[in-house]
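Notes to accompany the following structure.
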Amino acid sequence: MKRQISVTINGRTRTDEVEPRLLLIHYLREVCGLTGPHIGCETSLCGACTVEFNGQAIKSCTMFAVQADGGRVTTIEGLASNGTLHPVQEAFWEEHALQCGFCTPGMIMAAKQLLDRNPAPDDPEIRHGIEGNLCRCTGYQNIVAAVRSAAAKMSA
């Protein structure tokens with residue numbers, strides 16, 4: 001038995017019929033065609049599926065699509081505006097804070113949430129803010145530098 005849901009995703013409201021057991025990550029990727037959030041572990045350990053739901057960073061593998069009914073979701077695709085990258089996206093690019101790119105969308109969404117809450121975090125606060133997101137390639141130094149750079153851009 002499917003349920004009708006209405007969700008505002010990246011500023012656009014859409015209505016779909018979904019199975020009650022469909023995870024939000026699968027809804028975003030398979031129904032909405034948004035492939036920025038990645039499916040990693042499906043157990044909430046890696047953070048590759050991180051999106052914003054009603055202004056809070058969440059791991060979309062831990063939520064059913066029906067739970068998003070009436071809510072607002074922002075994915076990595078929704079951060080850029082009019083062809084201009086969000087300062088966090090720009091800083092990740094400039095600071096070479098990505099290698100394979102698999103973790104990058106979730107890492108950027110977690111970093112954005114951190115900077116929304118704390119516009120001037122120090123390095124330990126940055127590391128704590130992204131600790132729920134795993135990167136197997138970078139060693140995190142450039143990611144921390146990117147978050148620091150984004151904080152400076154956003155406060156200027």
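It is to be established whether one or more residues within the stretch 58-66 are at pLDDT 95 or above, over 27 Å from P119 (Cβ atoms), part of a strand (DSSP E or B) and over 16 Å from the mean Cα position of the chain (by Cα).
yes
If a residue must be surrounded by fewer than 18 Cβ atoms within 10 Å (Cβ to Cβ) and not in a loop (DSSP other than H, G, I, E, B), how many such residues does the stretch 72-110 contain?
Within the stretch 72-110, residues that are surrounded by fewer than 18 Cβ atoms within 10 Å (Cβ to Cβ) and not in a loop (DSSP other than H, G, I, E, B) number 7.
Looking at the stretch 139-153 only, could you name the residues that are in contact (Cβ under 8 Å) with a residue 12 or more places away in the chain and either in the same structural domain as E52 (by TED's automatic domain parsing) or of a type outside the set (A, V, I, L, M) (or both)? Step through it out loud before you land on a result.
Keep residues of the stretch 139-153 that are in contact (Cβ under 8 Å) with a residue 12 or more places away in the chain, which gives 140, 142-151, 153.
Y140, N142, R148, S149, K153 - these are the residues of the stretch 139-153 that are in contact (Cβ under 8 Å) with a residue 12 or more places away in the chain and either in the same structural domain as E52 (by TED's automatic domain parsing) or of a type outside the set (A, V, I, L, M) (or both).
Which residue pairs have Cβ atoms closer than 8 Å, lie 6 or more positions apart in sequence or on different chains, and pair a first residue in the stretch 1-26 that is surrounded by fewer than 18 Cβ atoms within 10 Å (Cβ to Cβ) with a second residue that is at pLDDT below 95?
Between residues of the stretch 1-26 that are surrounded by fewer than 18 Cβ atoms within 10 Å (Cβ to Cβ) and residues that are at pLDDT below 95, the close pairs are P20/M1.
Which residue pairs have Cβ atoms under 7 Å apart, sit 6 or more places apart or on different chains, and have a first residue in the stretch 119-138 that is among the acidic types (D, E) and a second that is surrounded by fewer than 19 Cβ atoms within 10 Å (Cβ to Cβ)?
From residues that are among the acidic types (D, E), the pairs are E125/N118.
The values are calculated or read from the model by the stated rules, or taken from the named source; none is laboratory data. Note that this is a predicted model, so its numbers are computed, not measured. Positions of Cβ are backbone-derived with ideal geometry, glycine not excepted, and every protein chain shown enters the neighbour counts.
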